[in-house]
Each structure stands twice: as structure tokens, then as C-alpha cells.
Amino acid sequence: FPIIRAQSSPDLVPDANFYKVEAILRPWRIQQVSSALLKMGIRGVTVSDVRGFGAQGGLTERQAGSEFSEDKFVAKVKMEIVVSKDQVEGVIAKIIEEARTGEIGDGKIFLIPISDVIRVRTGERGEKAERMVGGHADMSSALSTS
Ligand code: ATP
Ligand code: GLN
């Protein structure tokens, strides 16, 4: 698997310990994006089917010759990924690498600072709640100690 170097992202404003990477992408690229993220230890991901329009405008996606939407909105998938600050740039770079075709309609990524993370099962907050067993941080520390 690719080694994603920790990047400090010192310029992110406002500053936070965690950020949500919210990516609006082409539906048929989601499988490729999510498996690449999984390989780098990103295990917490939420996806939703959404519709929208941007520069792609009324141009509908076509798959197997049939249109996804009948109006001016184009079917997209929204991926929401909450990560720690040092993982933000690696996740963004991976999404671009896997989702980009170079054609209009590739999508957009929004970065949102997150105040806190709470794990419902345990009530843990902050880093304890955001960390996932076998996740990216575990993989990185295993690499640096071996
Ligand atoms: P537990 O250890 O109690 O299972 P968990 O941290 O593994 O807690 P889940 O309960 O498995 O969390 O997560 C529930 C849902 O929350 C997931 O299906 C996913 O949609 C979403 N989710 C969890 N972590 C993240 C994250 N870091 N970013 C985005 N979505 C997440
Ligand atoms: N930051 C978490 C970790 O390193 C992973 C977050 C995620 O999978 N979205 O364990």
C-alpha cells in the first residue's frame, strides 16, 4: 500500500484537531475511491446519493446508455470522511488521484473543521473517539516503529 506521509497542514483556517473532507464525486468512481482510502487505513466513511449542478450543468451522466436524472440535476455521491488534521492532505490527494477524469463534472471537495467527535458506544470524545483500530494512525505508527 502507498505510504502517505503525515502533512501538518499548518495553513488550515480555522484551526481544528479534526476536519471533515466532504467530496461530491461521480457515482461510478466511488468504488475506486473508497477502496483506495481503505488501503491507506481510512475506515470511517459515510456516503450519500445526492443530486446537484455545477459547471457540468444539465449534462447528465450516462451509464449503459441510460440517463441518471431527468432534470437539470446530475446524480452524484457525497463522501464524508472525518480525519485528524495530519491526514487531511493525504486523503484529499488520494481522492483526486482516484476520482479525476479531467472532464467537467469530476466534482468538488469541501473541508470543514470539526469541533469534536463522540463515539456513541463508549461516550469517548476527541482523539479516542476519532481513532479507529487498525486505522491510518495505527498503520503509520506500525511503519515508523518497524
Ligand atoms: P464502534 O467502535 O462503536 O463500532 P466506530 O467508531 O467504529 O464505533 P461505527 O459505529 O462503526 O463507528 O460508525 C457508524 C457510522 O458512522 C459508519 O457507518 C459511518 O457511516 C460513520 N462514520 C464513522 N466514522 C466516520 C468517520 N471518521 N468519517 C465519516 N463517517 C464515519
Ligand atoms: N483518523 C483515524 C485513524 O487514524 C481514521 C479516520 C477515518 O478512518 N476516517 O484511526
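Give me the extension gain from residue 121 to residue 72: residue separation times 0.36 nm, minus the current Cα-Cα distance, reported in nm with one decimal.
Gain on stretching residue 121 to residue 72: 13.5 nm.
Could you calculate the FRET efficiency of residue 28 with residue 138 from 1/(1 + (r/R0)^6), where r is the beta carbon distance between them and R0 is 41 Å, rounded to 0.05?
The computed FRET efficiency comes out at 0.85.
If the cut-off is a Cα-Cα distance under 27 Å, which lysines reach residue 20, setting aside same-chain residues fewer than 8 apart in sequence?
List returned: 39, 76, 78, 85, 94, 108, 128.
Just to verify a number: what accessible area does residue 49 come out at with the full protein assembly present, 1.4 Å probe, Å² rounded to tens?
140
Label-point separation (nm) for residue 55 and residue 80, each offset 7 Å from Cα along Cα-to-Cβ?
2.7
Expected output is a single nm value to one decimal: the length gained when fully extending between residue 114 and residue 43, i.e. 0.36 nm times separation in residues minus the C-alpha distance. What is it?
23.8 nm
The values are calculated or read from the model by the stated rules, or taken from the named source; none is laboratory data. No experiment lies behind these values; they were computed from the predicted model shown. For neighbour counting, all protein chains shown are included, and Cβ atoms are generated from backbone atoms with ideal geometry for every residue, glycine included. Protein only, heavy atoms only, side chains kept; ligands, DNA and RNA dropped before computing areas. Shrake-Rupley method; radii C 1.70, N 1.55, O 1.52, S 1.80 Å.
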